[in-house]
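Each remark here refers to the structure printed beneath this line.
The values are calculated or read from the model by the stated rules, or taken from the named source; none is laboratory data. Quick caveat: nothing in here was measured; it's all calculated off a predicted structure. A quick note on method: Cβ atoms are made from the backbone with ideal geometry, for glycine too, and the neighbour counts reach across all protein chains shown. Side chains are part of the model used for accessible areas, which takes the heavy atoms of the whole protein and leaves out ligands, DNA and RNA. Shrake-Rupley method; radii C 1.70, N 1.55, O 1.52, S 1.80 Å.
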2 protein chains.
Amino acid sequence: MARDGKPTRDKILAESKTLVFENGFSGTSIDQILERTGITKGAFFYHFKTKNALAQALIEEFARDDIGHMQEALQKAGELHSDPLDRLLQFIQEFVDMMSDLTDPPSCLYASYTYEPSQFKPEILEFISETLLTWRKTFEQLLEDVLKEYNAKVEVDIAALANLFTVIFEGSYVVSKALNDPALVSGQLAQLKNYFQLLFEKK
Amino acid sequence: MARDGKPTRDKILAESKTLVFENGFSGTSIDQILERTGITKGAFFYHFKTKNALAQALIEEFARDDIGHMQEALQKAGELHSDPLDRLLQFIQEFVDMMSDLTDPPSCLYASYTYEPSQFKPEILEFISETLLTWRKTFEQLLEDVLKEYNAKVEVDIAALANLFTVIFEGSYVVSKALNDPALVSGQLAQLKNYFQLLFEKK
DNA sequence: AAATTTTTACAAACTAGTTGGTATGTTTAA
DNA sequence: TTAAACATACCAACTAGTTTGTAAAAATTT
């Protein structure tokens, strides 16, 4: 190895992500990325064969961080509570805390890509789908554990309940951005906590 | 008036909306619009001075329909129920019904624009913000009416509760698209109904 | 009511600038 | 000195937007 290319690659990824959230993916030109990073076209295409390869690297990094947060919260909730409902509520609380002092509205790359799907190779969209399904499965497990010791006061669809977490996350991001209200996100997640608190009663 | 240009204009708007949901706004070229509509550049720029003027017309039409649905549901809920909680639940049920037999995942232009904000003039983004606030105000009114006759079982933030409707709508659109599951939307709105049913008890 | 003028609603061809991507070099560190 | 990590210059295709022209309907005049 000659010079270390990782700082350059990381810089491309970081600045690209910011740009994609501002302009969308197809609205982000490679020239813009070069401007922000201070590198040249040769450097860019050394690290990424095509613009779509950048898209793929971006979403993979985003998903890695995302799933990382999920597992951290899962572990913390498991450590703090043995009761399955407390664990579920703590899991949500972890994200309420995480989102409680944002200075800017957050953005999700899944949503960004989902609203211009034709720009990406099918495998990228499938990867997003699979990542969201990972979230759902995790949440389904948490819910099933709850249902062993709790009854639901109204009839519930477990899959729908499990999706609700991601739905509120994605939705609160959109609305938070549209209203320029970063604090909105944690407030919405708190509603989900309320819902579960109201829904389940000890057997 | 000479020849009637309205059919042409409407065709541009309809095809453009479809294209924007496929490619994003900046990913949609005017040439693509011309291909789909079968018109020429002269015709396009006769009806819309700039591409951004199209963006504005698109969002205004979308918001008009959107607010229209809101008022329809509001009226119907008001006709069917005098009890404020029943009215609130019926209001949501109207949208559950509306979304219950989708064949494709739906899309929202607010979210689409929000994830490439730099492409639009500030007034367009403000217009989106104001439209979402209209939703919130309507929902706040419904909730306040409920709280006159009902108590909330847990402490609630009315603004957060009012936002939750839009949040679940936007979020379910994103997740529905990402998972290619059109049925998901109505299932998520049903959760919101559950929440309110559990939350309020007669004074 | 017939002839003329004006306006609307387009069509076709063009332009200046931008796009993603490439070909060919140069630098740098092991 | 060799391969990795860039830099420079370039290109064909595409971009939004413009220019110029024209058919037809509506408005105005005769």
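For B:Val154, place a label point 7 Å from Cα along the Cα-to-Cβ direction in every copy; what are the distances to the other copies, in nm, shortest first?
For B:Val154, the inter-copy label distances come out at 1.5 nm.
Take peptide B:189-195, look around each residue's Cβ out to 10 angstrom, count Cβ atoms belonging to other protein chains, and average those counts.
So the per-residue partner count for this stretch is 6.
Return the calculated 222 nm mean residue ellipticity for the protein assembly as shown, to the nearest 500 deg cm²/dmol, obtained by summing -39500 (n - 2.57) across DSSP H runs with n ≥ 4 and dividing by the residue count.
My calculation for the protein assembly as shown gives -24500 deg cm²/dmol from helical runs alone.
If we hang a label 7 Å off Cα along the beta carbon direction at B:Ala53, how far is it from the matching labels on the other copies, in nm, shortest first?
Between copies, matching label points for B:Ala53 lie 4.3 nm apart.
Under 5 Å between amide hydrogens, which residues at least 5 positions from B:Tyr150 or on another chain qualify, with H placed 1.01 Å from N in the peptide plane?
Counting only residues 5 or more places away or on other chains, the set is B:Lys203.
Under the Karplus relation 6.51 cos²θ - 1.76 cosθ + 1.60, θ = phi - 60°, what is the ordered set of whole-Hz ³J(HN,Hα) values for the range B:111-124, x standing for Gly and Pro?
Running phi through 6.51 cos²θ - 1.76 cosθ + 1.60 with θ = phi - 60° gives 5, 4, 5, 5, 8, 8, x, 5, 6, 10, 5, x, 5, 5 Hz.
For the interface of B with A, what's the total buried accessible surface in square angstrom, probe 1.4 angstrom, rounded to the nearest hundred?
Numbers: alone 11190 and 11190 Å², together 18430 Å².
About 4000 Å² of accessible surface is lost on pairing.
Using θ = phi - 60° and the Karplus curve 6.51 cos²θ - 1.76 cosθ + 1.60, what whole-Hz ³J(HN,Hα) does each residue of the range B:132-140 get, with Gly and Pro shown as x?
Once rounded to whole Hz, the list reads 5, 5, 4, 4, 4, 4, 4, 5, 4.
Efficiency by 1/(1 + (r/R0)^6): what FRET value for B:Ala159 and A:Glu155, r their Cβ-Cβ distance, R0 = 22 Å, to the nearest 0.05? Kindly include the intermediate steps, with their values, before the conclusion.
Details: r = 30 Å, r/R0 = 1.35.
So the FRET efficiency works out to roughly 0.15.
Which pairs in the list A:Lys202/B:Lys203; B:Lys49/B:Lys76; A:Lys51/B:Lys121 are over 29 Å apart, alpha-carbon to alpha-carbon?
Details: A:Lys202/B:Lys203 25 Å; B:Lys49/B:Lys76 40 Å; A:Lys51/B:Lys121 27 Å.
Violating the 29 Å limit, Cα to Cα: B:Lys49/B:Lys76.
Going 7 Å from Cα along the Cα-Cβ axis for the label, what nanometre distances separate A:Arg9 from the same residue across the other copies?
Nearest to farthest, the other copies are at 5.3 nm.
Give the separation of the Cα centroids, the range B:128-168 to the range B:1-80, in Å.
30 Å
In whole Hz, with x marking every Gly and Pro, tabulate ³J(HN,Hα) for the range B:36-46 from phi via Karplus 6.51 cos²θ - 1.76 cosθ + 1.60, θ = phi - 60°.
3J(HN,Hα) across the range B:36-46, in whole Hz: 6, 8, x, 9, 10, 4, x, 5, 4, 6, 6.
Which residues' amide hydrogens lie under 5 Å from the amide hydrogen of B:Phe48, considering only partners 5 or more residues apart or on another chain, with H built in the peptide plane?
Placed amide hydrogens put nothing under 5 Å from B:Phe48.
Looking down the axis that turns A into B, which residue of A has the closest beta carbon, and how many Å out?
A:Gly171, 1
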